[in-house]
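Down below is the structure, laid out as structure tokens.
The values are calculated or read from the model by the stated rules, or taken from the named source; none is laboratory data. Since the structure is predicted, the reported quantities are computational estimates derived from the model, not experimental observations. Positions of Cβ are backbone-derived with ideal geometry, glycine not excepted, and every protein chain shown enters the neighbour counts. Areas reflect the complete protein model, heavy atoms only, side chains present, ligands, DNA and RNA absent. Shrake-Rupley method; radii C 1.70, N 1.55, O 1.52, S 1.80 Å.
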Amino acid sequence: MAPCLSFFFLFLCSFSAIPANSLPTFFPGAAYQSLIKQAKISKPKLPFKTHYFPQTLDHFTFQPKSSKLFYQKYLINSDYWRKGAPIFVYTGNEGNIEWFAANTGFMLDIAPKFKALLVFIEHRFYGKSMPFGKDSYQSAKTLGYLNSQQALADFAVLITSLKQNLSSEASPVVVFVLAAWFRLKYPHIAIGALASSAPILQFDKLIPWSSFYDAVSQDFKDVSLNCYQVIKGSWAELEAMSTQKQALAELSKTFRTCKSLHSTASARDWLWTAFVYTAMVNYPTKADFMKPLPAYPVQKMCKIIDKIPSRATKLSRAFAAASLYYNYSRSENCFKIEHEVDGHGLHGWDWQTCTEMVMPMTCSKESMFPPSGFDYEEFAEQCRMKYGVSPRPHWITTEFGGERIQKVLKRFGSNIIFSNGMQDPWSRGGVLKNISSSIIALVTEKGAHHVDFRSATKKDPKWLIQLRKQEVEIIQKWLNEYYADL
């Protein structure tokens, strides 16, 4: 049976497959990693000015190479800011910073109210923030400087320097996205953190390993039992087809590929990716985050499946539904299934999941994906083959807190909002209950990944309007307390 593809994400999601011995190897990161090329896509026009900060390569050692500088990209919007007013910082996740800025309209929406300076900082080893230029991904010797501790320190150094340069050291800072960890590590730099869709419990054995794929499956099942059953049955049909003569030619025809397929696994991954990403971004309004999609795309996918006569194969119906994800704009005449491009600069996530960001995932019998387990030794061997390093599966829980993370937060943390939408499979690894009076969980049943960070629209449902209102009120409370103490 086909293995469970393991889809990993740190506050922006990249996906991977845990291979079975009889199948090709896939690594954490964007799908079809062995064939990925950096995409040349048009950049959105954004109301930000671009800057570059001379950042230290290694914040934690004093080796000769440690003091090497690289230029870290960041974006600024000062349209509403005045000296002493708050600074809202997007502590960038794993991808091109313009992509995240274009999809985080919430910060622009609330900037006038708070007279806030907006800063979007790019994560090291992503986008243009490459410490070794084109050689940044050359080997473990260069990639060894890509980890969460270095990234958080980058943010701390840049924020501190920026405040000094602006002669506004008293301006309070609120951080967004990689926010909970930053608030824990640098509470003297940020007075508060809004951690949206943050799966800080997705590591080690803090939650059941099947949680992610059970959640994806439940999203489809809640819309249509038939839809769920069709997708669940499509994998067996795909596997049966792979044993036939001319299987690749037949699959290429069925999947309308631009070029003939070289592997049936490519078709499987193409379907898998569509269903997972669609569940994750099941927004209540049209969006163009991962791909251009309509409002409530899971419902639209299931409507496609349910309308097709039952005499059609499950695989053909699953393909028709997945096509919505890849071709909602109807601009594609064929699909480049084995030639996908990384349009958002996600490929550094491969290294991170092979080192510290180990998020074990399995598929249970309740899942609409084929049941499977997680074989750590096999996973580790694949990482050693690719990078020459072994994962440290317990490092994140050691560094930031394991089974006692909620007690750690209660004792040492404050002023953190954990926002999670239960349509988002990553919510299962998030904080879903209040930990204290100042560590608040805001949970919405119909929310999807980072839905609260998207720009407000006239079509937003009442629950989303209310969610953002709560977040603004809490941030206002933090600022009132800060200025009162000051």
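Counted by Cβ distance under 10 Å from residue 231, the other residues give a net charge of +4, where Lys and Arg count +1 and Asp and Glu count -1. For the listed residue pairs 185/477; 113/185; 286/307; 253/307; 259/336, the alpha carbons are over 18 angstrom apart in 185/477; 113/185; 286/307; 253/307. Of the peptides 472-481, 271-280, the ranking by mean beta-carbon count within 10 Å, highest at the top, reads 271-280, 472-481.
Working value for the range 355-486: equivalent-ellipsoid semi-axes of 34, 22, 13 Å, each the square root of 5 times a Cα gyration tensor eigenvalue, largest first.
Axis of helix 105-114 versus longest Cα principal axis of the chain: the two differ by about 20°, to the nearest ten degrees. DSSP assigns beta bridges within the chain; of those with both partners inside it, close to 40 percent run antiparallel.
Charge tally for residue 215 (other residues, Cβ to Cβ under 12 Å; Lys, Arg +1; Asp, Glu -1): -3.
When a 1.4 Å probe is rolled over the protein heavy atoms, the share of accessible surface on the chain that falls to carbon and sulfur comes to 52 percent. Only Cα sites of the range 210-327 enter the Debye sum here, all with the same form factor; the resulting log10 I(q)/I(0) across q = 0.11 1/Å is -0.35, listed in q order. Roughly what angle does helix 148-165 make with the longest principal axis of the chain, taking Cα atoms, 0 to 90 degrees, to the nearest 10? Tilt of helix 148-165: around 40 degrees. Using the Cβ-Cβ distance between residue 331 and residue 286 with R0 = 25 Å, the FRET efficiency computed as 1/(1 + (r/R0)^6) comes to roughly 0.95. With N as its number of residues, the chain has a Cα radius of gyration that, divided by 2.2 N^0.38 Å, comes to 0.97. Remark: spin-label model distance residue 59-residue 386 equals 2.6 nm, labels positioned 7 Å along the Cα→Cβ axis.
Note on residue 407 and residue 465: the model spin-label points, each 7 Å out from Cα along the C-beta direction, lie 4.4 nm apart.
Note that the chain presents 43 Å² accessible area per residue, ligands and nucleic acids not counted, probe 1.4 Å.
The string of couplings for the range 182-199 from the Karplus curve (6.51, -1.76, 1.60, θ = phi - 60°) is 5, 5, 5, 7, 10, x, 7, 9, 10, 7, x, 9, 10, 9, 8, 6, 9, x Hz, one whole number per residue in order, with x for Gly and Pro. When each of the peptides 78-89, 60-71 is scored by the mean number of other C-beta atoms lying within 10 Å of its residues, the order from highest to lowest reads 78-89, 60-71.
Once the Cα atoms of helix 211-223 and of the chain are each reduced to a long axis, what angle between those two axes, in degrees from 0 to 90 to the nearest 10, is obtained? So the inclination is approximately 70 degrees.
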